[in-house]
Each structure stands twice: as C-alpha cells, then as structure tokens.
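Structure, as structure tokens:
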Protein chains: 2
Amino acid sequence: MTEAGGFADRYRAAVAARGRLCAGIDPHPELLEQWGLPVSAQGVAQFGDICVEALGPVAAVVKPQVAFFEAFGSPGIAALERVIAGCGDAGALVVADAKRGDIGSTMAAYARAWLGEHSPLRSDAVTVSPYLGFGALAPAVDEALRADRAVIVLARTSNPEGAAVQLADAAGRTVAQGIVDEAAAHNTDGRGTVGVVVGATRAHGLDLGALRGVILAPGVGAQGATAADLPELFDGADQQWLLPASSRSVLRAGPDPAALRAACEAARDDVESALKR
Amino acid sequence: MTEAGGFADRYRAAVAARGRLCAGIDPHPELLEQWGLPVSAQGVAQFGDICVEALGPVAAVVKPQVAFFEAFGSPGIAALERVIAGCGDAGALVVADAKRGDIGSTMAAYARAWLGEHSPLRSDAVTVSPYLGFGALAPAVDEALRADRAVIVLARTSNPEGAAVQLADAAGRTVAQGIVDEAAAHNTDGRGTVGVVVGATRAHGLDLGALRGVILAPGVGAQGATAADLPELFDGADQQWLLPASSRSVLRAGPDPAALRAACEAARDDVESALKR
C-alpha cells in the first residue's frame, strides 16, 4: 500500500500511538442523569468537559454525536465546539457524527461547517448520508481531500429498517455496495479521504477489500457486538482500516474521569487483542 | 377528505390565508455578498433579520436552509433560532430544511432539536433523510404527531446523482416510491404528519395519489422549473398538498425588504394561478 499522505497518514499515526478505538461522546439524557448532570445545554457542556479531560489524551479517535448537542440549540452547539477543540488539542482525531447530506452549494456549506479551515466545528472527519447519491457528496469529498481530512459515508447500518434502502438493487449490486465501491474509487491515491460506516452488529454482506479507507463500525459493546466478533464480521476487509466505535459501554463508567479513561483503555485493549494491525 | 386536525389543519389555514409558496431562506455566501453583508455569522444574522421582516408577515411557509447557518457554528445557529422564532411570531409556518436522519435515541434527539417543545430551534416541520430506512425516522414522526407538526422525508430529488439510491429496486418498487408509500400509510388519519420532498425539476415517476401530506417541491424559479410546469409534473397528486419552494429566485430581489416581499408575492401569485386549490 502506498504511503501517500492525506488523512491516511494522520489516521495511522493516531492508531499507532494510541491503539485502536473510536470513543463515542454521546451526552444522552439518560447518561446526563446517571452522571448527576442537568439535562440542559449546561449539563451537556459539563459532560463534554469531562470527556475532553478523560478521553482526549488517550483515545486515538473520538466521535461526538452531534444530535445530542444540537438538541439544546446554539448553546449545545457551542458545547460541541469546545469538545472538538479540546479533544483535538489533546491529540485525538475528531469524527463529527453528523450524518449530513445535501446537494450543491448546500452540501458545500455543510463541508465548510465540519471541515472548513475557519469553522469552530472543524473536525478531522465527518459522517455523511448518501440518500441524494454518493456524487452529491462531492463538495465534502473535495474539502476533505484539500485538508487531509475525511468524509465517512453511511453504507450499511445495523438497524433492521435500514435494509429497505441499503439492500435495494441498483444495477445488480446493493445500494450499500455501490457506496463502498464509489468510496474505493476515491481512495486509489492512498490518502484515505473517504471512509464508510458499517454497523458491527450484523452480517453486512459487503465486499470491503478494495476500500483503502476507514471502516467505522459502531455498536461494539452496548449495542451487541464484542471485539472478539470483529475479525469474522470483517473477514474480507483490510483490518488496519477497521475502526470499532464504543459509546455507551465506555461512557457508563463516568462521570469520574479516571474511571472513564480506564473504561476507554480497556475497550481499546479488547480491540487491540482481537484485531491484528 | 377528513378534517382531522394535526399539521394538516395548520397547513391549510396558512395556505388559505396567505396563498401557496414556501419561501426559502438561504444565506448563501454569494447572496450575502450581493446584499452587501459580510460572509460571517453576523452577516447571516442580518440576512435572517431582513428575511423575517420581509417574508414572515406574508409567506404561508418559510424554509430556512440549516447548512448556511451551521457553516458559521454556534453563532450561525443562534441566528437561525432568531429566524425561526421571528417568522413564527409573524404567522408563517417554518420548515427547517435540515435533512437529518439517524436511528433510535439519536433520531429522538434530532426530533427534540427541531420539533420539541423546549428547543430554541423548534419549527413546524423538519426535513429528514431516510438512508437508514423510513422506520428509523419513527421518533421524529411520533414527536411530530404529538405536536401537530410534520416531518418531510426526502423521496426523489432533482439532482442526477440521486437516481443511484432513489431509483434502486426494493421488492418491485423504487426506494423513492417505498418512502412515499410509508408516508401515506402514516397519513390515513388525515393529520398530514408525514410529507415528502420531490424535486420540481424533472419527471419524478412517483405515484403520489394516496399521500395526504405535503409534497415539498424545491426548485421553482432559479433551479429550472416554472410554476406553469407544476400541474403536469404533479398530475396524479392531490394538488392542494403541493408546496412549491423558491429560494434564489426570490432572494436575489433583496436586500430591500419591500422588493424582497414583492418578489415573494409575485412568486406566490405565479403558483396560485398555475395550481388549483
């Protein structure tokens, strides 16, 4: 595999230094309550500060779930900005789990929001949704390529309702496989600009062998899959690109920052022992 | 058709009082420059204030495009909150064009953000994206039903890249038709809780006859379709539900509020003369 820079180099360096895990930052109302925090923008900000302190210095990748911040409007988004900046300053790569998707100049505005140089929400990668077609995501792919960042495109999710769209037949392959193939076509330069989201909780049926980009696999821990399931679930993929994500199963160890960090490190160690580099 | 309350009654009352048009509020950088405003959160806020003044009192429906606010982070979102509140206070229905989509508790958080009683972003309807399956949108549909609001689901868009997903075959019908059929199944109570987005710029090939919910049709004006094209494009639909949206073609009349309002009224009159109630 070529070493062509781009997001690929940044991702490999982070995983080499810190081990493999994407730690979700999901200030779900139930977690706020469990942590003794108010269900408010202020509570979300405090939750975010604890995550920055506990996870920022140890996780290779963190993944704030935008919806839980957005639920509190602009003060919630301000709290998210602090999480993104704080985790980035602490050396973690930040994947904004936003699942944005639009066309043309509107998609370009989302790209500026999540990847643009002057945005307070600027992250290292952003998840995007391809209902408007993979090609409609081009403004975000272009922005990511320019800035050594990545877009991570929804392909195949673990919720049962997803099949009606993702497994529909598009000229002899599934919609999900079509997304993977288009992502792979963008990654032939080795820069890893386009990743995919593939749920870790059920057999996905995808050929991921040519992808050369991040395979973000949510659902390890609380949602059902264990680290030990991963090698079989992603048998045909280049497993150095497999990035398992844990959210609830780590976060329920909070609010004590030391306990939260220990849970993150334990989850990472589980993944490291299950997967070869 | 039954008169069963819900969003349907609110929509019919707005259209009866003000005539049919959804006026887009898209603070695109080129428009900010044309209006002599800075390309910044402050410029977006000023753009929004002008739209509230000019469009809020006359448009039946306004549709702020979230991406153009989000591009400036939390101060941009704060500007959007002012647009939503200001247009609502002036009597317009507000459709937040957010195209959000996720699953489970994350989808529920988006539903709270855009439709929830305590959210500063609360709108009358929100656009959502069904790549994770129509069923994954249930938390938003439930929230909308509770509050006499609506979710408007992407079905068939006018960009050429959309076909790869939207026209894929899902058990003998297109993905897009499957979305329309699931929306229709939610609307049998006559409350109009679930609408669809269908681009007005090309033949969509959908059977919309049973929908009983809003058909939001962007692209009238600058993007190619004229009001006169609408009756043929939406021949099989109940045209009282057809809501054409114009953005650039109206907004380029700004920044003078009187000129902007006149352009909105002219676009509405074009639609009113082309469509029967």
Number of the condition not met by B:N187 [criteria: (1) open to solvent by 10 Å² or more (accessible area, probe 1.4 Å); (2) under 21 Å from A:E161 (Cβ atoms); (3) of a type in the set (S, T, N, Q)]
(1)
For segment A:228-239, how many residues are in a helix (DSSP H, G or I) and surrounded by 15 or more Cβ atoms within 10 Å (Cβ to Cβ)?
4
Of all residues in segment B:201-227 being surrounded by fewer than 16 Cβ atoms within 10 Å (Cβ to Cβ) and at pLDDT below 90, which is farthest from B:V271 (Cα to Cα)?
B:A203
Could you grab the pairs with beta carbons closer than 8 Å, sequence gap of 6+ or different chains, first residue in segment A:250-264 and β-branched (V, I, T), second one not in a helix (DSSP H, G or I)?
A:V250/A:A23; A:V250/A:G24; A:V250/A:G221
Applying the selection to segment B:153-166, what residues are open to solvent by 10 Å² or more (accessible area, probe 1.4 Å) and at the interface with chain A (Cβ under 8 Å from one of its Cβ atoms)?
B:T157, B:N159, B:P160, B:E161, B:A163, B:A164
Number of the condition not met by B:I50 [criteria: (1) under 26 Å from B:A227 (Cβ atoms); (2) in contact with an Asp or Glu (Cβ under 6 Å, 6 or more places away or on another chain); (3) open to solvent by 10 Å² or more (accessible area, probe 1.4 Å)]:
(2)
Considering only segment B:182-208, state which residues are over 22 Å from B:R100 (Cβ atoms) and either among the charged types (D, E, K, R) or within 13 Å of chain A (Cβ to nearest Cβ) (or both).
B:D189, B:T201, B:R202, B:D207
Exclusive hit being among the small types (G, A, S), more than 26 Å from B:A16 (Cα to Cα) and buried (at least 20 other Cβ atoms within 10 Å of the Cβ), set B:A79, B:A92, B:A125:
B:A79
Residues that are out of contact with any Pro (no Cβ under 9 Å at 6 or more places or on another chain), farther than 22 Å from A:E117 by Cα and at the interface with chain A (Cβ under 7 Å from one of its Cβ atoms), drawn from segment B:49-101:
B:K99
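Here's the yes/no breakdown for (1) touching a Phe, Trp or Tyr at 6+ places or on another chain (Cβ under 8 Å); (2) closer than 29 Å to B:F68 by Cα:
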site: B:L230; (1), (2): no, yes
site: B:D235; (1), (2): no, no
site: B:A245; (1), (2): no, yes
site: B:P255; (1), (2): yes, yes
site: B:A258; (1), (2): no, yes
site: B:A262; (1), (2): no, yes
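Return the total of residues in segment A:167-181 being more than 9 Å from every other protein chain (Cβ to nearest Cβ) and open to solvent by less than 20 Å² (accessible area, probe 1.4 Å).
Selection size over segment A:167-181: 2.
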Scan segment B:22-30 and tell me whether some residue there is of a type outside the set (S, T, Y) and in a helix (DSSP H, G or I).
yes
Quick one: A:A263 ticks every box in (1) more than 12 Å from A:L55 (Cα to Cα); (2) open to solvent by less than 60 Å² (accessible area, probe 1.4 Å) bar one, so which box is it?
(1)
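Listed here are the residues, each with its yes/no results for (1) in contact with a helix residue (DSSP H, G or I) (Cβ under 6 Å, 6 or more places away or on another chain); (2) open to solvent by less than 30 Å² (accessible area, probe 1.4 Å); (3) β-branched (V, I, T).
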position	(1), (2), (3)
B:G6	no, yes, no
B:V15	no, yes, yes
B:L21	yes, yes, no
B:G24	no, yes, no
B:Q34	no, no, no
B:L37	yes, yes, no
B:V44	yes, yes, yes
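The values are calculated or read from the model by the stated rules, or taken from the named source; none is laboratory data. This is a predicted model, so every value here is computed, not measured. Note that each Cβ is placed from the backbone with ideal geometry, even for glycine, and that neighbours are counted across all protein chains shown. All accessible areas refer to the heavy atoms of the entire protein, side chains included, with ligands and DNA or RNA removed. Shrake-Rupley method; radii C 1.70, N 1.55, O 1.52, S 1.80 Å.
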